[in-house]
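The values are calculated or read from the model by the stated rules, or taken from the named source; none is laboratory data. Everything numeric here is computed off the predicted structure, so don't read it as measured data. Virtual Cβ from ideal backbone geometry, glycine too; neighbours counted across all protein chains shown. Surface areas here come from the heavy atoms of the whole protein model, side chains and all, with no ligands, DNA or RNA. Shrake-Rupley method; radii C 1.70, N 1.55, O 1.52, S 1.80 Å.
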Amino acid sequence: MIYKKAIQQISDILSKNEKDCIQHVVDFLQSSFESYSWVGIYLVKNSILQLGPWAGPQATEHTKIPIGYGVCGAAAESGRIENVADVQSDKRYLSCFLSTRSEIVVPIVYNDEVLGEIDIDSDASHAFSKKDEVFLKIVADMLSKHICTC
Ligand code: SME
């Protein structure tokens, strides 16, 4: 999937403003990019990351993650993208799936406040490039406008 085309399609999904549109975006990402094995959105509620819509072969037991804990919690704390090329070499990593080799976490920020994040696990190591970072930051910005008006 070409990033530019994907952004257009995500924009179309969100513009419909349907109740489940964030789930549709998650489904779209997971089914359109081969290396995006598992895609989830965590939302900050009461200072804890809580799992929202997700798509992938199996559910994760990590449905609530304290800020500052794991790779997800680190990204929420700093507001910066975490791109972990080899999860086994990152001491912060909380394992969800045995097949995961790399992970990217992209904060969803609105007015300097972290509302949540996009978390993607890949079964391939070094799966996420700078282009994925730029693309997913655009997606996170699109989602932030949507989440903050919900
Ligand atoms: N690996 C994450 C936990 C979430 S699962 O990947 C879905 C972490 O280290 O925070």
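What to note about this one:
- Residues with amide H under 5 Å from that of A124, placed H, sequence gap 5 or more: R101, S102
- Over region 64-135, relative contact order from alpha-carbon pairs under 8 Å, at least 6 apart, %: 29 percent
- Normalising the average separation of contacting C-alpha pairs (under 8 angstrom, six or more residues apart) by the number of residues puts the relative contact order of region 1-117 at 18 percent.
- Sulfur and carbon atoms: percent of accessible area, the chain [1.4 Å]: 50 percent
- DSSP-assigned coil residues among trypsin sites (Lys or Arg not before Pro) in region 60-103, each with at most 10 further Cβ atoms within 10 Å: K91
- Once the Cα-Cα distance is subtracted from the 0.36 nm per residue extended length, the Q8 to S78 segment shows a gain of 22.3 nm.
- When all protein chains stay in place and ligands, DNA and RNA are ignored, the 1.4 Å accessible-area order of S144, S89, S129, largest first, is S89, S129, S144.
- Computed accessible area, D123, all protein chains, 1.4 angstrom probe, square angstrom: 80 Å²
- Computed magnitude of the charge dipole of the chain (debye, nearest 20; Cβ of K, R +1, Cβ of D, E -1): 220 debye
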